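The block underneath contains the structure these notes are about, expressed in structure tokens.
The values are calculated or read from the model by the stated rules, or taken from the named source; none is laboratory data. Worth saying up front: this structure is predicted, and the values here are computed from it rather than measured. For neighbour counting, all protein chains shown are included, and Cβ atoms are generated from backbone atoms with ideal geometry for every residue, glycine included. With ligands, DNA and RNA removed, areas are computed over all heavy atoms of the protein, side chains included. Shrake-Rupley method; radii C 1.70, N 1.55, O 1.52, S 1.80 Å.
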Amino acid sequence: MSVHRPTPHDSARLHVTGAARYVDDIPTPAGCLHLAFGQSTIAHGTITAMDLTAVRASEGVIAVLTANDLPHANDVSPSIHDEPLLATGTVHYVGQPLFAVVATSHTAARKAARLAEVTYDTKPAILTIEEAMAANSRFEEGPRVYTRGDASGAIDASAHVIDGVIDMGGQEHFYLEGQAALALPQDDGDMVVHSSTQHPSEIQHKVADALGLPMHGVKVEVRRMGGGFGGKESQGNALAVACAVAASLTGKPCKMRYDRDDDMVITGKRHDFRISYRAGFDHAGRVQGIEFVHYTRCGWAQDLSLPVADRAMLHADNAYFFENIRIESHRLRTNTQSATAFRGFGGPQGIVGVERVMDQIAHHLGLDPLEVRKVNYYAEMESADGGLSAPRAAAPLPPESILTKKKQVTPYGQEVTDFVLHGLTADLAARCDYEARRVAVAEWNAGSPVLKRGMAITPVKFGISFTLSHLNQAGALVHVYQDGSVALNHGGTEMGQGLYQKVAQVASGVFGIGLEQVRLTATDTSKVPNTSATAASSGSDLNGMAVLAACEALRARMADHLAAVRQGEPADVVFEGGLVRVGADEMTFCAAAKECYEGRVSLSATGFYKTPDISWDRIKGNGRPFYYFAYGAACSEVVIDTLTGEYKVLRTDILHDAGRSLNPALDIGQIEGGFVQGAGWLTTEELVWDDKGRLRTHAPSTYKIPAASDRPKVFNVALFEGDNPEATIHRSKAVGEPPFCLGISVLMALSDAVAACGAAYPALDAPATPERVLKAVMRVRGDA
Amino acid sequence: MRPFDYHRAETFDDVTSGQIIAGGTNLLDLMKIQVMTPEALVDITRLEGLSAIVPEGDGLRIGALVTNSALAYDPLVRAGWPLLSRAILAGASAQIRNKATTGGNLLQRTRCPYFYDTSQPCNKRTPGAGCAAIGGGGRMLALFGTSDHCLAAHPSDMAVALTALGAEVEIHGANGTRRVPLQDLYVPPADRPDRETILETGDLITAVILPAPKSGSRQGYRKVRDRASYAFALVSVAGAVTMEGGTITDVSLAFGSVAPKPWTIPEVEQMLLGQPASDDLFRRAADLLAPDPAPHPETEYKRALLRRTFVATMRQLTGLADTTGTDIARAEA
């Protein structure tokens, strides 16, 4: 059985040899045409004239489409139909698609797209949080507010009070493979679309609406993406719809891929946030009351901003129990790219807010930030079998004062029943020698005037499930062929995370066969319908269970037949080691499949899964939105140069809870990648818009994702072993998003290093670029 | 990429007219995005005698086709001119350094984003078209030696080290072979920023000549950038300093990513020469380093950064600071 084993990614060899096929690598039929968008050059205004004569006359141009040329729906929004594919008179941001050029080559289309003469009646653009608040430019009627207890009263009654503000920037997804789509016209107006998307069913839906077809007229296929990170949950809609409409009008295959600059200018990014806070606490740092106000720039269209901002609120507590809390969230409409899903989906932003508070409380009291974090942790719950953390590594029990039998409930009413961070944090602190190293860092700093070091441990508690409860479902289709080979299909998409491999491991376990006998086929809306996006870290949880159900149904059918023929009991049929044993009879799985086929047994089955026991009222802010929580903690040590602001991550130790890991190699890869991406968000990745609303950092020359040399020089990643108490697929836990939040340890370590330069609190904003670090150093030294 | 003719030169006489290509690490990128659209490429990588590093007196003759990797890891270079090795390894990636050549590195084009964006005007790309960087974004632009027509900076690390080391360039041309100081290879942008060097049609860089290292000199290269690797310098400082009893008896400096060529400021060296090393001296010398105001508002930060980087580098090279305590690149967990 291959479940829980560290097998390599099924496409690893293809990835590293360059043989893995992405949308742009698919051989196209003859006569394939290429698309490019003409883009708005202003942030807000109305189009008074659009002269496309030069565009149409440009070499290689076959057709130019404007909003008026679209035969049916002009909409690519994943939510409230507020996002036209092509502008209908008003433009809302710099880069908005105004028209689509269809030409004989990619270059010809792009060149022609620049030749339009567009005149605008320019209107004032709303770009900043201040401008949006002043204009009351927002989504929903007003701010969402979740409260419990009397936060304000509790703060005022506290021995100590702090307040402050932290700004954190957005983040470009920087998937290696840019957005791409290919549409192939079929018989009688039907359309086949290859799309680099995390959400094939949505592409199918939007293309069907744009072509005036029922969903059965459109088939969407996704073999793999070169990275998604949430950036392909809704942002692929425009390319797929444009290609499908052009293919429908011209009768030719049509393809589109964004160049990197276009990709960065057109598509949405992570939501940037400003979080202001006020907290009251006792002498030990225990929070008595806490208030947050979240402001986020959602960009021009709603997209997925409401659930993103909701999730930020749902993670405002991170790992801490707050009796009295108030969270207010403003979802601001601005004339910028429509911010979208990005790994963590608002969760990391909410967590950064509370981690800043913990850091500042510790600074205020002169305590070790880890101690402040620990006194505020949720309690470890006891249960009948001796405590949930009991089966795990022997962890020191939390102090008596924290070990309470009182039920602990999140601000949104979900009971925390599986809190493992006391043991996990203690285990991590021991592994990385936290206390001794903190002393060593302080001593080293005392003798080092130019370089200063800092260290921090930050935890994560991350809620797993789509907060829109109905999305928590998945389907699968499994075939056993008469030669014993098995083909699997499910609604999840592969974006490098190893979902296919994990699911193949599940199937090979059910049939007791080797992985080489199992093939995952490209995700295809005609095989499994009505799927949810591969998002919210839920890919393996949902699709693994759906495939398990289908495989078990097939195994039962096979067992029934094989047992009946031999007058045995189906329950006694064993599938193991590539063999099937029925009493004394033993045969290969291949022979068993052939026998079942000849016995006229149906060897194809569907499977279905829906996450149990979840419910959520997002307006009231109450329910059980998450099936369970995933946990982890990271310890990072950094060094900063107080002359230049440069810094380096010297060492990071991570202990992360992936439940009983389906595949430790893939999970550790996700944890490493998530950490580095999270650290990049908070350090070097800076999005800069100018006062005209133009994104100035739209290429790798100006937008710096971490490179291999930026990873911690010492990087120890381990899994916190143990079963998920909930009955997930083989007791594993979701691992896609939670480790992203471990990158916060780098920001807090930088804050610690800056704090070593003077008396004031660093109040380091993110991204903490070398410039920001240098300014913070000057600030705490009082020579700003 | 536009179609082009390709010719592989077998001998010097066989170097026909056309765009010369060696490693191609910069040229091919520029051709792909049609910033450069040569009609013909002349591949010189098969020319003999250009791939060796050989002693010349107490100095060194580096063939123009020696790759960046071979040069950085050469035992003679590492022993006598460690500054050069360090500067090369601070740039690009191993894959690029394996292909890029010594001659090509000197001739690499600027990384100004407007030079790369063919939809924007650029005097370097199209003389007379205008400069989008003036009034545009310009965090990577130059501080020194700019003109009203171009603000772009030279991006090389290697050339900065070579300048501090007093290198000469050997040029093979129609009238035989000549040698010029590396500083004189480059011409100021003035009103023709497309013209970057003194090379005429038919000229070929054949070697770089390093003079003997000053005995007892301490060499260093400090590159400040947005992340630890695979990023161009915001500013860099290359220096070689000789000390006798606490006094600076010889000093040679060059500054990178702050000018259209590796930049030198002789006044700084003159101020340091014959003086005992001290923080006060370095701070006074640093005040000579930055024009006020910067030619582009977004490069204002480079003025302070260059001064601080210069002081930090001088402290290391004169032994005022323990290297392990001030060089972030060497910090270990």
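Please give the per residue accessible area of the protein assembly as shown, computed with a probe of 1.4 Å over protein heavy atoms only, in Å².
On the way: 41520 Å² over 1117 residues.
Accessible area per residue, the protein assembly as shown: 37 Å².
Can you give me the Cα centroid spacing of region A:93-113 and region A:548-563 in angstrom?
With region A:93-113 and region A:548-563 each reduced to a Cα centre, they are spaced 53 Å.
Mind grabbing the accessible area of residue A:77 for me, 1.4 Å probe, Å², rounded to tens?
0 Å²
Could you check the spin-label model distance between residue B:215 and residue A:323? Points 7 Å from the Cα along Cα→Cβ, value in nm.
Each label point is offset 7 Å from its Cα along the Cβ direction, giving 7.9 nm.
So which aspartates and glutamates pass the test for residue A:594, namely a Cα distance under 13 Å, with those fewer than 8 places away in the same chain ruled out?
A:483
Can you check what the net charge comes to around residue A:481, using other residues whose Cβ is under 12 Å from the Cβ of residue A:481 (Lys, Arg +1; Asp, Glu -1)? All intermediate terms of the calculation are to be shown ahead of the outcome.
Numbers: positive: A:519, A:594; negative: A:483.
The answer is +1.
Could you list the GluC sites (Glu not before Pro) in region A:97-150 that lie in coil according to DSSP, counting only those with at most 15 other Cβ atoms within 10 Å of their Cβ?
For GluC sites (Glu not before Pro) across region A:97-150 that sit outside H, G, I, E and B with at most 15 neighbouring Cβ atoms in 10 Å, the list reads A:140, A:141.
May I ask you to evaluate 6.51 cos²θ - 1.76 cosθ + 1.60, the Karplus curve with θ = phi - 60°, for each residue of region A:315-329 and list the ³J(HN,Hα) values in order in whole Hz, giving x for glycine and proline?
Using θ = phi - 60°, the values come out as 10, 5, 8, 6, 9, 10, 8, 10, 5, 10, 8, 9, 10, 10, 10 Hz.
Keeping the other protein chains in place, figure out the carbon and sulfur percent of the accessible area of region B:218-330, with a 1.4 Å probe.
Numbers: 2120 of 4240 Å².
With neighbouring chains kept in place, the figure for region B:218-330 is 50 percent.
For residue B:278 and residue A:714, what is the calculated FRET efficiency with R₀ set at 41 Å and r taken between the beta-carbons, to the nearest 0.05? List each step's numbers first, then the result.
Details: r = 37 Å, r/R0 = 0.90.
After rounding, the FRET efficiency stands at 0.65.
How do B:272-282, A:677-687, A:238-248 rank on mean C-beta neighbours within 10 Å, highest first?
Working: B:272-282: 15.0, A:677-687: 25.3, A:238-248: 28.0.
Result, highest mean Cβ count within 10 Å first: A:238-248, A:677-687, B:272-282.
Where does the charge balance sit around residue B:185 when Lys and Arg score +1, Asp and Glu -1, over other residues with C-beta under 13 Å from its C-beta? Let's see the in-between values first.
Numbers: positive: B:178, B:179, B:195, B:261; negative: B:168, B:170, B:184, B:196, B:200, B:203.
Local charge sum for residue B:185: -2.
Could you tell me the calculated FRET efficiency between residue A:367 and residue A:430, based on Cβ-Cβ distance and R0 = 22 angstrom, to the nearest 0.05?
Details: r = 20 Å, r/R0 = 0.91.
Working from the Cβ atoms, E equals 0.65.
At a 1.4 Å probe radius, carbon and sulfur cover how many percent of the accessible area of chain A? Before the final figure, lay out each step's value.
On the way: 14240 of 27490 Å².
That share works out to 52 percent.
For A:356, A:694, B:308, give me the order by solvent-accessible area with a 1.4 Å probe, most accessible first, ignoring ligands, DNA and RNA. Mind dumping the intermediate values first?
Working: A:356 5, A:694 110, B:308 65 Å².
Result, largest first: A:694, B:308, A:356.
Short version: ³J(HN,Hα) in whole Hz for each residue of region A:621-633, in order, from phi by Karplus 6.51 cos²θ - 1.76 cosθ + 1.60 (θ = phi - 60°), x for Gly and Pro, what are they?
x, 9, x, 10, x, 10, 5, 7, 10, 10, 10, x, 8
Under a plain spin-label model, where a point goes 7 Å from the Cα along Cα-to-Cβ, how far apart in nm are residue B:58 and residue A:190?
Distance between label points: 8.3 nm.
Under 5 Å between amide hydrogens, which residues at least 5 positions from residue A:45 or on another chain qualify, with H placed 1.01 Å from N in the peptide plane?
A:91, A:123
Accessible area drop of at least 50 Å² (1.4 Å probe, protein heavy atoms): which residues of region A:763-777 qualify, relative to the chain alone?
A:771
Pick out, in residue order, every one of the trypsin sites (Lys or Arg not before Pro) in region A:34-118 that is DSSP loop and has at most 16 other C-beta atoms within 10 Å; say none if there are none. Walk me through the numbers before you get to the answer.
On the way: sites: A:56, A:110, A:111, A:114; in loops: A:114.
Within region A:34-118, the qualifying trypsin sites (Lys or Arg not before Pro) (loop, at most 16 other Cβ atoms within 10 Å) are A:114.
Quantify, in whole percent, the carbon and sulfur part of the accessible surface of region B:18-115 (1.4 Å probe; protein heavy atoms only). The partial results should precede the final answer.
Details: 2110 of 4040 Å².
Result for region B:18-115: 52 percent of the exposed heavy-atom area is carbon or sulfur.
Indicate, rounded to the nearest 5 percent, the antiparallel portion of the DSSP beta bridges found entirely in the protein assembly as shown. Write out the running numbers ahead of the final one.
On the way: 144 of 176 bridges.
Taking every DSSP beta bridge within the protein assembly as shown, about 80 percent pair in antiparallel fashion.
Please give the residues from region A:69-118 for which the solvent-accessible area of heavy atoms, probe 1.4 Å, is smaller by at least 50 Å² with all protein chains in place than with the chain isolated.
The answer is A:114.
Residues of region B:284-308 with accessible area at least 50 Å² lower in the all-protein-chain context than alone (1.4 Å probe)?
B:308
Roughly how much accessible area, to the nearest 100 Å², goes out of reach of solvent when B and A pair up, both sides summed, probe 1.4 Å?
Numbers: alone 15310 and 28710 Å², together 41520 Å².
Chains B and A together bury approximately 2500 Å².
Fully extended, how many nm does the chain gain between residue A:731 and residue A:620 (0.36 nm per residue separation, minus their Cα-Cα distance)? Each step should come with its number before you reach the end.
Details: separation 111, 0.36 × 111 = 39.96 nm, distance 3.14 nm.
Taking residue A:731 through residue A:620 to full extension adds about 36.8 nm, to one decimal.
Where q = 0.10, 0.12 Å⁻¹, what log10 of I(q)/I(0) comes from the Debye formula for region A:473-610, counting one point per Cα?
Reported log10 I(q)/I(0), two decimals: -0.32, -0.45.
Just to be sure I understand the rule: take each whole DSSP H helix in chain A, project its Cα atoms onto its long axis, keep it if the span is 20 Å or more and its mean Kyte-Doolittle hydropathy is at least 0.5. Which ones pass?
Length and hydropathy pass: A:539-565.
Kindly report, to the nearest 10 Å², the accessible surface of residue A:660 as traced by a 1.4 Å probe over protein heavy atoms only.
90 Å²
Post the alpha-carbon centroid distance, region A:456-527 to region A:14-88, in whole angstrom.
Cα centres, region A:456-527 to region A:14-88: 32 Å.
Lysines within cross-link reach of residue A:775: Cα-Cα under 27 Å, excluding same-chain residues under 8 positions apart?
A:269, A:452, A:648, A:692, A:704, A:713, B:223, B:302
Please average, across the residues of A:633-644, the number of beta carbons from any other chain that are within 10 Å of each residue's own beta carbon, and give a whole number. Walk me through the numbers on the way to the answer.
Working: counts 0, 0, 0, 0, 2, 2, 5, 2, 9, 2, 11, 11.
Across A:633-644, the average partner-chain Cβ count within 10 Å equals 4.
From the protein chains alone at 1.4 Å, what is the descending order of accessible area for A:250, A:340, largest first?
From most exposed to least exposed: A:250, A:340.
Once you place label points 7 Å from the Cα toward the Cβ at residue A:259 and residue A:446, how far apart are they in nm?
With each label placed 7 Å out from Cα toward Cβ, I get 5.8 nm.
State which stretch of chain B is the longest one without any exposed GluC sites (Glu not before Pro), exposure meaning a DSSP loop state and at most 13 other Cβ atoms within 10 Å. Write out the running numbers ahead of the final one.
On the way: sites that count: B:10, B:39, B:48, B:200, B:332.
The longest such stretch corresponds to B:49-199.
At a 10 angstrom cut-off on C-beta neighbours, averaged per residue, how do the peptides A:98-109, A:593-604 rank from highest to lowest?
On the way: A:98-109: 21.9, A:593-604: 15.7.
Packing proxy ranking, top to bottom: A:98-109, A:593-604.
Please give the per residue volume of the convex hull enclosing the alpha carbon atoms of region A:247-288, rounded to a whole number of Å³.
Details: hull volume 7.7 nm³, N = 42.
Normalising the Cα hull of region A:247-288 by residue number yields 184 Å³.
How shielded is A:323-334 by partner chains, expressed as the average number of their Cβ atoms within 10 Å of its Cβ atoms? Write down the numbers at each step before the final one.
Working: counts 0, 0, 0, 0, 0, 0, 0, 0, 0, 0, 0, 0.
Shielding by partners across A:323-334 averages 0.
Build a GNM of chain B with springs between Cα atoms under 10 Å: which of B:77, B:66, B:180 gets the top mean-square fluctuation?
Looking only at B:77, B:66, B:180, the largest GNM fluctuation is found for B:180.
Could you compute the FRET efficiency for residue A:157 and residue A:560, with r as their C-beta to C-beta distance and R0 at 51 Å, rounded to 0.05? Write out the running numbers ahead of the final one.
Values: r = 68 Å, r/R0 = 1.34.
The pair residue A:157/residue A:560 has a calculated efficiency of 0.15.
Label 7 Å along Cα→Cβ of residue A:417; region A:729-753 residues with amide nitrogen under 20 Å?
A:729-734
Given region A:473-610, what percent of its DSSP beta bridges are antiparallel, to the nearest 5?
Numbers: 19 of 22 bridges.
Roughly 85 percent of the beta bridges in region A:473-610 run antiparallel, per DSSP.
Quick check on packing: order B:144-150, A:316-322, A:427-433 by the mean number of other C-beta atoms within 10 Å, highest mean leading. Please report the intermediate quantities before stating the final value.
Numbers: B:144-150: 20.1, A:316-322: 25.4, A:427-433: 18.4.
Per-residue mean Cβ counts within 10 Å order the peptides as A:316-322, B:144-150, A:427-433.
Which ³J(HN,Hα) values in Hz, rounded to whole numbers, follow from the phi angles of region A:447-463 under the Karplus curve 6.51 cos²θ - 1.76 cosθ + 1.60, where θ = phi - 60° and Gly and Pro get x?
For region A:447-463, the Karplus-derived couplings read x, 10, x, 9, 8, 10, 9, x, 9, 7, 10, 10, x, 9, 10, 10, x Hz, x marking Gly and Pro.
Step by step: find N for chain A, compute 2.2 N^0.38 Å, then divide the Cα radius of gyration by it. What's the final number? Don't jump to the answer; show the numbers that get you there.
Numbers: Rg = 27.3 Å, N = 784, 2.2 N^0.38 = 27.7 Å.
Normalised by 2.2 N^0.38 Å, the Cα Rg of chain A equals 0.98.
Per-residue Cβ counts within 10 Å, from other chains only, averaged over B:226-238: what number is that?
Per residue, the average neighbour count from other chains is 5.
Give or take rounding to whole Å, what are the principal axis extents of the alpha carbon atoms in chain B, in descending order?
59, 49, 43
Taking H as built 1.01 Å from N, whose amide H comes closer than 5 Å to the amide H of residue A:272, not counting residues under 5 places away?
Hits under the 5 Å cutoff: A:170, A:297.
Under 5 Å between amide hydrogens, which residues at least 5 positions from residue A:662 or on another chain qualify, with H placed 1.01 Å from N in the peptide plane?
A:733
With a 1.4 Å probe and every protein chain left in place, tell me how much accessible area residue B:51 has, in Å² to the nearest 10.
Surface accessible to solvent at residue B:51 totals approximately 80 Å².
Can you list the lysines whose alpha carbon is less than 21 Å from that of residue B:32, not counting same-chain residues fewer than 8 positions off?
The qualifying lysines are A:111, A:255, B:99, B:124.
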